[in-house]
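**Q** Sharing a structure below in structure tokens format, with a few things to ask.
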Amino acid sequence: MLLIKGGMVVDPSRRINGRYDLVISDCRVKALAPGIEPEGMEVIDAAGKIVIPGLFDMHTHLREPGQEYKETVLTGSRAAAAGGYTSITALPNTNPSLDNKDVVRYVREKAELAGLVRVWPVGAVTKGSLGRELADIGGMKEAGVVAVTDDGRGVAATDLLREALIQCRQLNIPLLQHCEDEAISGAGQLHEGSVSLRLGQSGIPAAAETRMLKRDLQIAQETGARLHIMHVSTARAVEMIRRAKAEGVNVTAEVTPHHLLLTDELVAALFAMAKMKPPLRTAADVEALREGLSDGTIDAVATDHAPHSESEKSGDFTAAPFGIVGLETAFAVLYTHLVKSRMLPLDLLVEKMSCSPAAILGLPYGTLSPGSAADLVILDLETKRVINRHQFYSKGKNTPFHDWEVYGTPVLTMVAGKVVMRDGIVSGHANEGSNNEN
């Protein structure tokens, strides 16, 4: 048995915020109480640290199969463990697409071989995520998917979306929707506004998000299915989701760290490192997203971890792919700039990054209750560090947070009672830093 002693435990699933000791036995939390005596147990000293349920990322791109030069299930799992994540998803924009049972099983096997964090496959809604014909959602559910999405593209055909939502309701899984009307966004490269005009780049209007969202909320209301809105980016979308929830629509939503912290003004300085979809928006949008997170309109924080090669992100802005990495920076940047600055309470941030995303996917994680899986993180909230993208475990170094000074670093990650990261070193995988493939 293992005793984690002397830490401040923050577990929003049980409304716990105080000094407790934890006993870990047989991969599970056996007991949680103050002042537990070691009595021969192995002890991990957590004095001066914070102990929380393992972080859960419901929006992770692992690129395998097909784009292993960008990321693999193994390298993504290493990055997750380093960032305090004990569960991540594997989204379906792979090659071949994760749109059938065989590819689902392949990803699960790769995760088992990695042996680090829990990896939950998410299947495609349509075959190849092409929006033309529904994938075998039932078969993928049997093979282990926890949700479906065509992320990267919204399901544009109303009849297909409606049928997919009905199937998801019958299978009791959520449909995760990327809300983007491509007829509006077109060849846009960043948010449509003063910055796009100044840089001479085509813009992506806020309406590209809200036009599709309006339709999706209506269909969700009609079908009663579980609809989850991915990476919300606009103030108008927050208000629409708030109203839909008040009307009883079965909808949840997520926001990313970059949309909570950054605006389109940074594109001029960071170029492709600040290029993502949906794009960074205005300061007013950022404020609305923070308010939505605080009042419960937005249910979860997800990274939208999207690794790309160095050459892809360092070339021409228009040709560069959308997306940034986030697994190794998410908690620290949000703790530093939202919690430490007293904009959000720590309990709320932990909730949005652990128990809430797990609940959206119907999975029993994000808790330290006795009997639960021993998935947890120990955090150092006091020591300052500087983010260095060249030291990432992820193959992707594409981050706008390079050189940021942060607090809230994970110093230990445990999955099923096994320590998979301690003091920045992932179990069995020393950080290769800039020698990692790009």
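**Q** Apply the a/c threshold of 1.5 to the C-alpha gyration tensor of the range 1-41 and tell me whether it is rounded, prolate or oblate.
**A** oblate
**Q** According to the Kirkwood expression over distinct Cα-Cα pairs, how big is the hydrodynamic radius of the range 152-306, in Å?
**A** Computed over the range 152-306, the radius equals 15.7 Å.
**Q** Quote the FRET efficiency, to the nearest 0.05, computed for Leu348 versus Arg132 with a Förster distance R0 of 56 Å and r equal to the Cβ-Cβ distance.
**A** After rounding to 0.05, the efficiency reads 0.85.
**Q** Let me ask something else about it. Have a look at Ala244, Ala302, Ala90 and tell me which one the Gaussian network model of the chain (Cα, springs below 10 Å) gives the largest fluctuation.
**A** Evaluated over the chain, the most mobile residue of the options is Ala244.
**Q** So what J values fall out for the range 373-380 if you push phi through Karplus, 6.51 cos²θ - 1.76 cosθ + 1.60 with θ = phi - 60°, rounded to Hz, Gly and Pro as x?
**A** For the range 373-380, the Karplus curve yields 4, 7, 9, 8, 9, 10, 10, 9 Hz.
**Q** Quick one: which residues, 5 or more positions from His231 or on another chain, have an amide H under 5 Å from its amide H? H modelled 1.01 Å from N in the peptide plane, none for Pro or chain starts.
**A** Glu254
**Q** Let me ask something else. Which shape class applies to the range 1-119: rounded if a/c is under 1.5, otherwise prolate when a/b exceeds b/c and oblate if not, where a ≥ b ≥ c are the square roots of the Cα gyration tensor eigenvalues?
**A** It comes out prolate by the Cα gyration axes.
**Q** Shifting gears a bit: Please work out the Kirkwood hydrodynamic radius for the chain, using every pair of different C-alpha atoms, and report it in angstroms with one decimal place.
**A** After inverting the mean inverse Cα-Cα distance, the result is 21.7 Å.
**Q** Charges only on Cβ, +1 for Lys and Arg, -1 for Asp and Glu: so what's the dipole of the range 54-360 about the Cα centre, in debye to the nearest 20?
**A** About 260 debye.
**Q** Run the numbers on the range 54-360 and let me know its relative contact order in percent, using alpha-carbon pairs under 8 Å that are six or more apart.
**A** 17 percent
**Q** Using the Kirkwood radius over C-alpha pairs as Rh, can you work out the diffusion coefficient of the range 137-201 via Stokes-Einstein at 37 °C, viscosity 0.692 mPa s, in µm² per second?
**A** 235 µm²/s
**Q** Follow-up question, since we're still on this one. Which value, to two decimals, describes the C-alpha radius of gyration of the range 266-406 once divided by 2.2 N^0.38 Å?
**A** 1.14
**Q** Cross-link list Lys30/Lys397; Lys70/Lys141; Lys245/Lys397: which exceed 29 angstrom alpha carbon to alpha carbon?
**A** Result: Lys30/Lys397; Lys245/Lys397 exceed 29 Å.
**Q** Determine the calculated [θ] at 222 nm for the chain from helices alone, applying -39500 (n - 2.57) to every DSSP H run no shorter than 4 residues and normalising by the residue count; nearest 500 deg cm²/dmol.
**A** Calculated at 222 nm, the ellipticity per residue is -8000 deg cm²/dmol.
**Q** Identify which of Gly76, Gly115, Gly154 has the largest mean-square fluctuation in a Gaussian network model of the chain, with springs joining Cα atoms closer than 10 Å.
**A** Among Gly76, Gly115, Gly154, the largest GNM mean-square fluctuation belongs to Gly115.
**Q** Something else: So for the pair Ile36, His402, with labels modelled 7 Å out along Cα→Cβ, what separation do we get in nm?
**A** My value for the distance between the label points is 4.3 nm.
**Q** So how much slack lies between Glu222 and Ile425, counting 0.36 nm per residue of separation and subtracting their Cα-Cα distance, in nm?
**A** 68.2 nm
**Q** Out of residues 5 or more away from Lys30 or on other chains, whose amide H comes under 5 Å of its own, with H placed 1.01 Å from N in the peptide plane?
**A** It is Val23, Ile24, Ser25, Gly371, by chain and number.
**Q** Still on this structure: Does the range 228-318 come out rounded, prolate or oblate, given a ≥ b ≥ c as the square roots of the eigenvalues of its C-alpha gyration tensor, rounded meaning a/c under 1.5 and, failing that, prolate meaning a/b above b/c?
**A** Prolate, because a/c is 1.5 or more and a/b exceeds b/c.
**Q** Taking H placed 1.01 Å from N in the peptide plane, check which residues at least 5 places from Asn398 or on another chain put their amide H under 5 Å from its amide H.
**A** His308, Val325
**Q** Say the dipole of the chain comes from +1 at the beta carbon of Lys and Arg and -1 at that of Asp and Glu; which of Leu74, Leu363, Ala319 then lies farthest toward its positive end?
**A** Leu363
**Q** What ³J(HN,Hα) values, in whole Hz, does the Karplus curve 6.51 cos²θ - 1.76 cosθ + 1.60 give for the range 9-20 when θ = phi - 60°, with x put for Gly and Pro?
**A** 8, 10, 10, x, 5, 10, 6, 9, 8, x, 7, 9
**Q** For the range 150-166, just list the computed ³J(HN,Hα) in residue order, Karplus coefficients 6.51, -1.76 and 1.60, θ = phi - 60°, integers in Hz, with x standing in for Gly and Pro.
**A** Couplings: 9, 3, x, 9, x, 6, 7, 6, 4, 5, 5, 4, 4, 5, 5, 5, 5 Hz.
**Q** Still on this structure, I have one more. Among Pro410, Pro400, Pro345, which one moves the most in a GNM of the chain with springs linking Cα atoms closer than 10 Å?
**A** Pro345
**Q** May I ask you to derive the FRET efficiency for Asp26 and Leu113 from their Cβ-Cβ distance with R0 = 22 Å, giving the value to the nearest 0.05?
**A** In this case the efficiency is close to 0.40.
Every number here is computed from the coordinates shown, using simple stated rules; none is lab data. Every value quoted in this text rests on a predicted model; they were computed, and no experiment measured them. Ideal geometry is used to build each Cβ from the backbone, glycine not excepted, and the neighbour counts take in all protein chains shown.
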